[in-house]
Amino acid sequence: MPSDSRALHTGLKAGDDGRSFLSDKSAKVFVAGHGGMLGSAVRRRLSALGFTNIVGRTRAELDLTSQHAVDKFFAAERPRYVILAAGKVGGLHASSAAPADFMTENLRITTNVFAAARRCGTVRRLLYLASSAVYTPDAPQPIPESALLSGPPAPGNEWYAIPKIVGIKMCQAFRAERAMDAIVATPNNLYGPRHPFPSESSHVIPALIRRFHHAKVTGAAEVVVWGSGAPLREFTHVDDVADAVVLLMDRYSGDEHVNVGSGREVTVRELAETVREVVGYEGRVVWDATRPDGVMRRLLDSSKMRALGWQPKVELRDGLQDLYKRYLQSCVTNCKP
Ligand SMILES: NC(=O)C1=CN([C@@H]2O[C@H](COP(=O)(O)OP(=O)(O)OC[C@H]3O[C@@H](n4cnc5c(N)ncnc54)[C@H](OP(=O)(O)O)[C@@H]3O)[C@@H](O)[C@H]2O)C=CC1
Ligand SMILES: C[C@H]1O[C@H](OP(=O)(O)OP(=O)(O)OC[C@H]2O[C@@H](n3cnc4c(=O)[nH]c(N)nc43)[C@H](O)[C@@H]2O)[C@@H](O)[C@@H](O)C1=O
């Protein structure tokens, strides 16, 4: 297996013509999932850097689960770079509530985009977004990239994790066949603007912002939070992850996926307290032990990403304050409990 991009798809890897990603700003970049939380952060970052030819499609315009539609799109658009940030995503409860949808949609999106990108023949580099969910709960902490496939993913989360492992392996397979310069970023829990705010299926941060806000405006005496409060999580702001994605597109071409995490852990209890303070809710927090904790700890070893020059900038409290401000702005039209 090649350890770098030498000889990958002759003429189609970043840098062959002396151009790195960041010196190729008029090239067409397809950001799949450009309307999502991470995809929109990547698009904002690329625009700010001066990229002039960013292409995105909503799901209504291009359903990535349809191979025919994806082939047609790639044949017509012929992008030079692809960032695959589309997929079915959700919190702890979401994938166990809809296992078949998580498996089929995420596998289809991955196989369709990889096949079409290869067939169209213009793609110099493709970056796939995996997830820290790929690691087994028994992995050493902080979790190195080498822990991949050292054990099964967390029970209940395999429907999301296994398609993500397939995505990582897909990149390695395409590299092994010298078919495409495909690389992988593996972020931990993300938060930021455009975080979806549905109830049961959302991640913890949007769920808590919404619940504390609703309790504040209705004068409720308590807010119920899931689990014991003891699990540790490493949250990373999407703007920091977007920086990592750009950096990898520019400087990285290797078989191994690259972890992306802020390096700062908090317990769910500390998170709930911070959200309570940011929202300004003065009532009690009650822990619902009938709800799952999920994995007790999942801290990534992101030393490889840092060695490439990445430095996360957004502090959790600042990111939460910004998110709550945006939530209040969106409440003008829609702020259901
Ligand atoms: N959020 C997190 O904590 C983490 C996320 N990741 C990964 O990062 C990536 C981005 O996640 P995030 O931004 O949070 O997710 P979001 O749910 O915010 O965005 C996902 C995007 O994918 C699009 N999409 C989903 N299905 C299809 C489809 N069939 N055809 C076309 N577009 C589709 C959505 O479009 P639409 O809105 O129109 O449905 C949306 O724009 C994902 O691969 C995720 O697994 C990794 C680690 C943590
Ligand atoms: C990155 C990773 O992210 C996800 O895994 P997760 O970190 O377990 O996800 P979460 O945000 O849902 O929960 C974090 C913690 O928070 C606690 N918690 C408290 N109260 C609420 C609450 O109200 N809602 C939710 N969702 N969680 C709550 C909850 O009990 C847990 O301890 C997966 O989607 C996984 O697939 C993935 O890729």
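The values are calculated or read from the model by the stated rules, or taken from the named source; none is laboratory data. What you are looking at is a predicted structure, and each value in this text was computed from that prediction instead of being measured. When we count neighbours, we look across all protein chains shown, and the Cβ atoms used for this are built from the backbone with ideal geometry, even at glycine. For the accessible areas, the whole protein counts, side chains as well, though only heavy atoms, and no ligand, DNA or RNA atoms are used. Shrake-Rupley method; radii C 1.70, N 1.55, O 1.52, S 1.80 Å.
Brief remarks follow.
- When both segment 256-317 and segment 91-167 are represented by their alpha-carbon centers, they are found 21 Å apart.
- Charge tally for residue 173 (other residues, Cβ to Cβ under 12 Å; Lys, Arg +1; Asp, Glu -1): +2.
- Close amide H partners of residue 150, meaning residues 5 or more places away or on another chain with modelled amide H under 5 Å apart, are 136.
- Computed [θ] at 222 nm, helices only, for the chain once each DSSP H run of length n ≥ 4 contributes -39500 (n - 2.57): -12500 deg cm²/dmol
- Ordering 52, 191, 147 by the projection of their Cα atoms onto the charge dipole of the chain, which places +1 on the Cβ of Lys and Arg and -1 on the Cβ of Asp and Glu, puts 52 at the extreme positive end.
- Rolling a 1.4 Å probe across the protein heavy atoms gives segment 20-123 an accessible surface of 42 Å² per residue.
- Within the chain, longest stretch clear of exposed GluC sites (Glu not before Pro) (DSSP loop, no more than 16 other Cβ within 10 Å): 62-176
- Charged-residue dipole, Cβ positions (Lys, Arg, Asp, Glu), segment 14-160 about Cα centre, Debye nearest 20: 680 debye
- Accessible area per residue, Å², segment 246-306 with all protein chains present, probe 1.4 Å: 44 Å²
- Checked against a 27 Å cut-off, the cross-linked pairs 88/169; 28/325; 169/304 give Cα-Cα distances beyond that limit for 28/325.
- Positive-end residue, segment 272-337 charge dipole about Cα centroid, Cβ charges, pick of 328, 310, 289: 310
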